[in-house]
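The values are calculated or read from the model by the stated rules, or taken from the named source; none is laboratory data. Computed from a prediction, not measured in an experiment: that's the story for all the values here. Cβ placement follows ideal geometry from the backbone for every residue including glycine, while neighbour counts extend to all protein chains displayed. Note: accessible area is taken over every heavy atom of the protein model, side chains too, but ligands, DNA and RNA are not part of it. Shrake-Rupley method; radii C 1.70, N 1.55, O 1.52, S 1.80 Å.
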Amino acid sequence: MRFATYREGRAHRVGVLSGDHLYGLAAGITLRSLLGDDGERLQAAGENALRDPHTVVALNDALLAAPIPDPPTVRDFMTFEAHYAGSLLALDIDAKVPSVWYEAPAFYFTNPYAVLGPHDAVPVPPGSSRFDLELEVAAVIGRGGRDIPVDRAADHIVGYCLLNDWSARDLQFHEMAVRLGPAKGKDTSLSLGPVLVTADELEPYRSGNAFALEMVAQINGRTIGRDRWDSMHFSYPEMIEYASRGTEVRPGDVLGSGTCGGGCLAELWGRHGNDFHPPLSPGDEVTISVDKVGSMTSRIVEYEVSGR
């Protein structure tokens, strides 16, 4: 099934996507409230909505929010070797992937307060002149746990959605010179969507560490990079095992795959030089797509300082 969260006035409503319409669940139900078991509650809610919807909305008329607008945590990993190798070149033309990278799926915690919907405008972070996209696919935790072994970790995934980890590269590289972070280079915005695709929907495409599906990044209609999802060096179960070691993952937690090969400008600057494509600026439109998961287009805008 494919679930979306959409705005209804000042509230959110969850719907099941069938064809080009969303079949709404009862008001007040969130995707997080349906998680916590092996998926039975979510499946039943979706079947009930298709059979007897509380409302029906055309997908093109729905103002989509992030499927999980309020994840408890967002861990962003770095599992695509091509991306890491190319990004290192942006800092040092002779850099090689260090051996320690292959030992475990590295991640950082990013900002759950910065989650945007799939078509929300994305502001350039204050002080940045080298703004960038990151094409990723996130797994959403359906059932929590601690110290989860890799051979059982897949059972904890309820589904997947696109993730764009917007990045202020100048701020990021500057602050990480102190061997901490990233922090302000990452925490202004994070886009999730357009839908949560349940894990069973993608099983026919299972391949290697992920799925045999194409990933494409575009800026203003120009394709800047593409990769295959199964190019991941680490699998989602390996990510969950590492994330839960000595601590918890909880229902609704988001685990990003990290950027795919060719899925951001920093990597492409490293491989082809800074003239490959200018940094993102207000007016640009960024589209990221993954077969069978969906696509989302985001418009870059100026940051507006909120009232203090």
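Using a simple spin-label model with points 7 Å from Cα along the Cα→Cβ vector, what separation in nm is obtained for Asp147 and Glu285?
Going by the 7 Å Cα→Cβ label model, 5.2 nm.
Determine, at each q value in 0.14, 0.17, 0.18, 0.27 (inverse angstroms), the log₁₀ of I(q)/I(0) that the Debye formula gives when each Cα of the stretch 216-283 is one equal point scatterer.
Log-scaled intensity ratios, in q order: -0.60, -0.76, -0.80, -1.19.
Just to confirm the number: angle between the C-alpha axis of helix 81-91 and the first principal axis of the chain, 0 to 90 degrees, nearest 10?
Roughly 40 degrees between the two axes.
Taking only DSSP H segments of four or more residues, each worth -39500 (n - 2.57), what value at 222 nm results for the chain once the sum is divided by all its residues, to the nearest 500 deg cm²/dmol?
Computed ellipticity for the chain at 222 nm equals -4500 deg cm²/dmol.
For the stretch 1-83, with only Lys/Arg (+1) and Asp/Glu (-1) charged at the beta-carbon, what is the dipole magnitude about the Cα centre, in debye rounded to 20?
260
Give me the tail of P(r) for the stretch 3-122 as a percent: Cα-Cα pairs with distance above 19 Å.
60
Run the quick spin-label model on Leu63 and Thr223: label points 7 Å from Cα toward the beta carbon, then report their separation in nm to one decimal.
Spacing of the two 7 Å Cα→Cβ label points: 3.4 nm.
So if each residue of separation counts as 0.36 nm, and I subtract the Cα-Cα distance between Ala26 and Thr247, what length gain in nm does that give?
76.2 nm
Roughly to the nearest percent, how much of the accessible area of the stretch 46-166 is carbon and sulfur, given a 1.4 Å probe?
52
If you place +1 on the Cβ of every Lys and Arg, -1 on the Cβ of every Asp and Glu, and leave all else neutral, what size is the dipole of the chain about its Cα centre, to the nearest 20 Debye?
Value, rounded to 20: 480 debye.
Which of these values of Cα extents along the principal axes in Å was calculated from the structure shown: (i) 76, 52, 37; (ii) 59, 44, 39; (iii) 69, 52, 34?
(ii)
Using amide H atoms built in the peptide plane, which far-off residues or other-chain residues are under 5 Å from Glu136 H to H?
Residues meeting the criterion, in which the H sits 1.01 Å from N, are Leu163, Asp165.
Leaving out ligands and nucleic acids, and using a 1.4 Å probe, what accessible area per residue does the stretch 201-283 come to in Å²?
Value for the stretch 201-283: 39 Å² per residue.
For the stretch 190-308, what ratio Rg/Rh do Cα atoms give with a Kirkwood hydrodynamic radius?
Result: Rg/Rh = 1.01.
Calculate how steeply helix 40-51 sits against the longest principal axis of the alpha-carbon atoms of the chain, using the helix alpha-carbon long axis, and give the answer as 0 to 90 degrees to the nearest 10.
Here the helix axis deviates by roughly 60 degrees.
Run the numbers for Phe276 and Asp94: contour at 0.36 nm per residue of separation, minus the present Cα-Cα distance, in nm.
Gain on stretching Phe276 to Asp94: 63.6 nm.
Please compute the Kirkwood hydrodynamic radius of the stretch 120-237 from all pairs of different C-alpha atoms, in Å with one decimal.
Roughly 16.3 Å, rounded to one decimal.
Would you please give the FRET efficiency between His174 and Glu81, computed as 1/(1 + (r/R0)^6) with r the Cβ-Cβ distance and R0 = 25 Å, to the nearest 0.05?
Given R0 = 25 Å and the Cβ-Cβ separation, E is 0.50.
Give me the accessible area per residue for the stretch 1-158, probe 1.4 Å, as a whole number in Å².
Dividing the accessible area of the stretch 1-158 by its residue count gives 47 Å².
Computing the accessible area with a 1.4 Å probe over protein heavy atoms, can you report the carbon and sulfur percentage for the stretch 241-308?
40
Taking 0.36 nm per intervening residue step and subtracting the Cα-Cα distance, what contour gain separates Val305 from Leu50 on full extension?
Answer, rounded to one decimal: 87.6 nm.
Which semi-axes, in whole Å and largest first, does the equivalent ellipsoid of the stretch 99-148 have when worked out from the alpha carbon gyration tensor as the square roots of 5 times its eigenvalues?
The answer is 27, 19, 11 Å, longest axis first.
Relative to 2.2 N^0.38 Å, what does the C-alpha radius of gyration of the stretch 13-59 come to as a ratio? Two decimals please.
Normalised by 2.2 N^0.38 Å, the Cα Rg of the stretch 13-59 equals 1.07.
Would you work out the relative contact order for the stretch 118-200, in percent, from Cα pairs under 8 angstrom that are 6 or more residues apart?
The value is 35 percent.
Could you tell me the distance between the Cα centroids of the stretch 244-278 and the stretch 56-99, to the nearest Å?
About 4 Å separates the Cα centre of the stretch 244-278 from the one of the stretch 56-99.
Listed highest first by mean packing, meaning other Cβ atoms within 10 Å per residue, what order do 237-245, 2-10 come in?
237-245, 2-10
Below 8 Å between Cα atoms, with a sequence gap of 6+, how large is the relative contact order for the chain in percent?
24 percent.
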